[in-house]
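The values are calculated or read from the model by the stated rules, or taken from the named source; none is laboratory data. In this text, all values refer to a predicted model and were calculated from it rather than measured experimentally. We place every Cβ from the backbone using ideal geometry, glycine too, and count neighbours over all the protein chains shown.
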Amino acid sequence: MQEILSKKILGKRIKSLRLENAYAQVDVANLLSLSRSNYSQIELGNQYPTFNTLCVLSRHYKKSYEWLLHGEDHSEQLPIQPVAGLIDELEISLKNFSLCLEKLENELQNIKTRIAVS
């Protein structure tokens, strides 16, 4: 089971990336369009970074979200499913969704009919 994301651990991981790349806090803060003090709070683990901040950091340091958030990257270990298999799964999901919508439409029509009769 995946552990609960700690602000402190995430902050340390982000700080270590900055130090490995010899950046000052102000440099990374400018990259993220944040104040230096706001960025500092992320590194100290006093606040979580926003999705946008994680996105920019991920691209800038060429790290996956999984690595940024959990310190591990299992994306390479996952088997790559052929596109045909994905398309088949999508078709099945869409058919099931369509059936659910039809059932919902019928239920709504029954409710309307009962209300009109009342």
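Residues being small (Gly, Ala, Ser) and assigned to a loop (DSSP other than H, G, I, E, B): count how many of those fall in segment 1-54. Selection size over segment 1-54: 6. Restricting attention to segment 48-58, the residues being within 17 Å of residue 19 (Cα to Cα) and free of Cβ contacts under 8 Å to residues at least 12 places away in the same chain number 1. Restricting segment 5-25 to residues that are surrounded by 14 or more Cβ atoms within 10 Å (Cβ to Cβ) and among the hydrophobic types (A, V, I, L, M, F, W, C), the residue that is farthest from residue 55 (Cα to Cα) is 9. What residue, among those in segment 51-72 that are over 14 Å from the mean Cα position of the chain (by Cα) and modelled with pLDDT under 85, is surrounded by the fewest Cβ atoms within 10 Å (Cβ to Cβ)? Per the criteria, the residue is 72. The requirement of being without any contact (Cβ under 8 Å) to a residue 24 or more places away in the chain and acidic (Asp, Glu) is satisfied by residue 72.
Filter segment 7-43 for residues that are of a type in the set (Ser, Thr, Tyr) and under 14 Å from residue 61 (Cα atoms); which is farthest from the chain's Cα centre (by Cα)? My answer is 23.
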